[in-house]
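The values are calculated or read from the model by the stated rules, or taken from the named source; none is laboratory data. Because the structure is predicted, anything quoted here is derived from the model rather than measured. Note: ideal-geometry Cβ built from the backbone for every residue, glycine included; neighbour counts use all protein chains shown.
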Amino acid sequence: MVKEKPDFVIMGDSITGAWEKEGKEAWDKNIAPLKACSFGNGGDGIEHLLWRVKNSGLGKDFQPRLVTVLVGVNNLFNADPMDLAAGMKNLIDEIRKMSPTTKILVLGIFPVGEKSDDQRRQMIKNVNAQYEKLADNKDIFYLDFGSSFVESNGSLSKDLIRPDNVHLTAKGYDMYVEKLLPKVKEILGK
């Protein structure tokens, strides 16, 4: 977290929250210099993040130039892709209402499950297809680099994903930065 008002906020669930643990080195070297802060909480679904946004100081206390959102994996068994997309749209609308000049970058949900036939993988593809439709490439952007965490045989990379087949290793956060940073810099004009 930064002590000054952030230009760049990353919101999400435990994957976002772990920037302060497994991702700390990648964060400190690459993300923190962008005046960034992490707003992640383990177990959060879209509805939890929406509540946290509504009850934050966003718009009053700070108006970041960019908010990146990675959330939805914890909702996979509770909703269909259209419901998750509607939840993401509500979240985007709330962020824009509270901080109208803030740009939003929605990230595709990262793949989970050890093997390519894990039922959550297809659900994630369907949800990500809906998330992508929310982007206007003016104020709302979409980026999906989940395939970077998958080996050629369809299994998750053991170097990048922890044994729980959901969360990232330190090397996984290095990959996250490698894929995220160019888009963030493009949007921020850096």
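Quick notes on this structure:
- Residues of segment 98-142 that turn out to be among the small types (Gly, Ala, Ser), more than 17 Å from ALA86 (Cβ to Cβ) and surrounded by fewer than 15 Cβ atoms within 10 Å (Cβ to Cβ), as a count: 1
- The residue list LEU134, LEU76, LEU91, LEU143 contains one member that is modelled with pLDDT under 95 and either touching a strand residue (DSSP E or B) at 6+ places or on another chain (Cβ under 8 Å) or within 24 Å of PRO163 (Cα to Cα) (or both), which is LEU76.
- Considering each residue of segment 68-82 in turn, at least one proves to be more than 18 Å from the chain's Cα centre (by Cα), within 26 Å of THR169 (Cα to Cα) and surrounded by fewer than 21 Cβ atoms within 10 Å (Cβ to Cβ).
- For segment 1-38, filtered to residues that are crowded, with 19+ Cβ neighbours inside 10 Å and of a type in the set (S, T, N, Q), the residue that is farthest from TRP51 (Cα to Cα) is ASN30.
- Among the candidates LYS115, LYS60, residue that is within 30 Å of ASN153 (Cβ to Cβ), basic (Lys, Arg) and out of contact with any Lys or Arg (no Cβ under 8 Å at 6 or more places or on another chain): LYS115
- Failed condition for LEU134, given (1) assigned to a loop (DSSP other than H, G, I, E, B); (2) hydrophobic (A, V, I, L, M, F, W, C); (3) closer than 12 Å to VAL112 by Cβ: (3)
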